[in-house]
Amino acid sequence: MKKKVLIIFVILIIFLILAIACICNKDLFLNKENESNKIQNDTKYENVESNFSENLEENQTVENNDDKYLEKSSKYNNDDLVGFIKIDGTNINEPVFKGKDNDYYLTHNGYKEYDKLGAIYLDYRFSFENSKKKIIFGHNFVNANTPFKTLEKYYDKDFYENHKYIYLENDKVNQKYEIFSVYVETSNWDYMQEPSNNKDTWYEELKKMKDNSLYDTNVDVNENDEILILQTCSTLQKYQKYQDKYLLIVAKKID
C-alpha cells in the first residue's frame with residue numbers, strides 16, 4: 001500500500017514539473033513575440049520618421065531656392081524677367097529678360113530704362129524653361145565692361161576647361177549646360193532658325209556647330225540634345241573686316 005502511494009506521489013510531482021515547464025515556455029514565447037513586435041514597430045516608426053525628415057529637407061531646399069530667386073528678382077519689378085544665367089568663376093551671374101521682340105533689350109536695361117549697354121535677354125521665340133533651343137543675347141563693346149565681354153575669354157581653351165558649364169535658373173527650373181562649341185560666325189545665320197522636329201536634320205545642325213568650334217571640346221552631341229546658344233559681338237582683330245561677327249558659345253543640356 002505504501003508503495004502504491006509513493007508511486008502516485010512521484011507521478012504527481014512529474015506532472016507538476018511538466019506543467020510548470022509548459023507555463024514558463026509559453027511566457028518566454030510571448031515575451032519574445034512582444035519583443036519582436038516592438039522591434040518591428042520601432043523600425044517602422046524610424047522609417048516613417050526618416051522619410052518625413054527627408055521630405056521635409058527636400059521641401060525646405062525647394063522653398064529656400066524659391067526664396068533666393070524671389071529675393072534676386074524682386075528688385076527689378078519687371079514682368080519680362082524670366083530667370084538668371086550664371087557661369088561659375090566669372091562675373092556672369094545676371095538676370096535674363098524676354099521682350100516682345102529681339103530689339104527692345106538691345107537698348108534698355110532690366111529696369112526698362114534706355115541704356116545703350118542693353119540687357120541680357122532671351123530670344124522672344126523661345127521658352128526659358130523648356131525650349132529645345134534657347135538663344136541668349138548680350139552686348140560686348142571694346143570700351144565698355146558688359147557681362148558678356150567675359151565670353152571672349154573662351155577663345156582660350158584653358159579658360160574653357162575651367163568654365164565649361166552654364167547654369168540657368170528661375171523659380172521653376174535649375175538647368176545645367178555643358179559647352180561643346182565655341183566659334184565666331186560671320187555669314188551663316190542658320191543657327192538663328194527655330195529647331196527642326198526632324199531628328200536627322202536637328203542632329204546635322206548640332207554636328208555643324210560642333211565642327212565649327214575653334215577647338216575640340218571632346219563633348220559629343222546627339223539628336224536628343226537640347227541646346228543653349230550665347231551670342232555676343234566679337235572684338236577679335238582677325239574678324240574686324242566683317243560687318244557682322246558674332247561669338248557663339250554653344251552648350252547642351254545635361255541636367
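Laboratory data are not the source of any read-out in this text; all were calculated from the coordinates shown. Small disclaimer: the values here were computed from a predicted structure and weren't measured. Positions of Cβ are generated from backbone atoms using ideal geometry, with glycine treated the same way; all protein chains shown enter the neighbour counts.
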Out of the stretch 79-135, which trypsin sites (Lys or Arg not before Pro) are coil in DSSP terms and have no more than 13 other C-beta atoms within 10 Å? LYS100, LYS116
Lys and Arg at +1, Asp and Glu at -1: add these up for the other residues within a Cβ distance under 12 Å of ASN162 and post the number. -1
Report the net charge of residues surrounding GLY89, where surrounding means a beta-carbon distance below 11 angstrom and charges are Lys +1, Arg +1, Asp -1, Glu -1. +2
What ranking do TYR160, TYR121, TYR165 get, fewest neighbouring Cβ atoms within 10 angstrom at the top? TYR165, TYR160, TYR121
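In what order do MET192, MET209 fall by count of nearby beta-carbon atoms within 10 Å, going from fewest to most?
Values: MET192 15, MET209 20.
The fewest-first ordering by Cβ neighbours comes to MET192, MET209.
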How do TRP189, TRP202 line up, fewest other C-beta atoms within 10 Å first? TRP189, TRP202
In percent, what relative contact order does the stretch 140-188 have, based on Cα pairs under 8 Å that are 6 or more apart in sequence? 22 percent
What does the charge add up to near LYS207, with Lys and Arg as +1, Asp and Glu as -1, over the other residues with Cβ less than 15 Å from its Cβ? -4
I'd like the distance separating the alpha-carbon centroids of the stretch 218-255 and the stretch 96-147, in whole Å. 16 Å
